[in-house]
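Comments concern the structure below.
Just so it is clear, none of the values below were taken in a lab; they were calculated from the coordinates. Note that the coordinates shown come from a computational prediction; the quantities given were computed from them, not determined experimentally. Cβ: placed from backbone, ideal geometry, glycine included. Neighbour counts: every protein chain shown.
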Amino acid sequence: MIENVPAENWESWVAETEALILDVREPFEWEQGTLPGATLIPMNEIPARLGELDVEQTMLVVCRSGGRSHQVAMYLAANGYAKAANMAGGMKALGLQD
């Protein structure tokens with residue numbers, strides 16, 4: 001089961017868990033704004049770039065509305081990344097993307 005972190009709680013959750021923020025949106029979406037310190041790996045690049053992620057690192061996966069990030073968090077969990085969580089509602093819930 002993937003943990004869904006309410007968008008409004010992202011900052012405290014990341015601070016408490018020392019999580020990496022993994023933004024899985026496309027570069028054109030990233031340019032509209034992202035969370036401080038986030039790492040961009042678009043969803044379609046995740047399988048090829050898994051080696052860039054520490055399997056022991058807690059991660060908060062972020063996208064526009066929470067759909068892609070939930071899929072990526074489930075994919076990461078299925079591949080041994082047990083500490084991946086989804087930011088429910090995504091950037092849209094924070095008012096940072098239409």
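In this simple spin-label approximation, residue 18 and residue 39 carry label points 7 Å from Cα along the Cα→Cβ vector, and these lie 1.5 nm apart. If I build a Gaussian network model for the chain, linking alpha-carbon pairs within less than 10 angstrom, which residue out of 36, 47, 27 has the largest mean-square fluctuation? Fluctuation is largest for 36. Considering only 14, 24, 62, the Gaussian network model of the chain with Cα springs below 10 Å gives its largest mean-square fluctuation to 14.
Rounded, prolate or oblate for the range 49-89? Axes are the square roots of the Cα gyration tensor eigenvalues, ordered a ≥ b ≥ c, and the cut-off for rounded is a/c under 1.5.
Prolate.
The alpha carbon convex hull volume per residue for the range 17-98 rounds to 84 Å³.
A Förster distance of 25 Å, applied to the separation of the beta-carbon atoms of residue 82 and residue 8, puts the FRET efficiency at 0.50.
Around the Cα centre of the range 3-93, unit charges on the Cβ atoms of Lys, Arg, Asp and Glu (plus for the first two, minus for the last two) sum to a dipole of about 300 debye.
Going by neighbour counts of Cβ atoms within 10 Å, the residues 75, 81 line up, fewest first, as 75, 81. The residues neighbouring residue 57, those whose beta-carbon lies less than 13 Å from its own, together hold a net charge of -3 under the Lys/Arg +1, Asp/Glu -1 convention.
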